[in-house]
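The structure appears below as structure tokens.
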Amino acid sequence: MEESSELKSKPQRRILIATDGSKACENVADLGVEIAKWNGAKIYALYVIDITFFDSILMDESWVKNAYEQFEKVGRAAICCIEESAGAAGIEAAPVLLKGNPAEKILDFAENQKVDMIVVGSTGKSGIGRFMLGSVSEKVVRNSKIPVLVVREKIKPERFVTCGQESERASATVMHEEMQ
């Protein structure tokens, strides 16, 4: 039996790397780009300007315009972080700047572009901080129909232990963190 050409060819993979411009941005970009490189995937570098709080508070129009311009600058810088990481790996990243509810926009974009995987960062909020502020990454994970990779901020170097060359400081650091 002869295989069809459709089965032989690998479908074009699409990876959405969504960032909020936090410290985890670089780690998110690096990991997302590495996965894209392994799969020969196209990258979308996405930042969403969260305008949800603009809708709930009566504000001066000029202040809103100025705030939006500042958020746009932050967004472009965050996208640039992903583009630089992709460029260093020889991959082109399509920049995307949207405005609205971040979780909703990430999910809508992923669905509309038929993305295969979403890579997002997590600032590591827990407990009351997550309860009060909500978590974009958590909302994306809970509502996505495709795989989502949540990347934490960079781990401190002393947490890495080389096999067979463990130092007391490294052991103590790992044990201390496990006990908390």
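The values are calculated or read from the model by the stated rules, or taken from the named source; none is laboratory data. In this text the structure is predicted, and so the values were computed from the model without any measurement. Methodologically, a virtual Cβ is constructed for each residue, glycine included, from the backbone with ideal geometry; neighbour enumeration extends over all protein chains shown.
Taken together, 22, 56, 62 contain a single residue that is modelled with pLDDT under 90, more than 26 Å from residue 138 (Cβ to Cβ) and of a type in the set (Ser, Thr, Tyr), which is 62.
Listed here are the residues, each with its yes/no results for (1) modelled with pLDDT of 95 or more; (2) under 19 Å from residue 35 (Cα atoms).
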| site | (1), (2) |
| --- | --- |
| 77 | no, no |
| 107 | yes, no |
| 110 | yes, yes |
| 115 | yes, yes |
| 118 | yes, yes |
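Here residue 150 meets the list (1) under 15 Å from residue 15 (Cα atoms); (2) at pLDDT 95 or above almost entirely, failing just condition (2).
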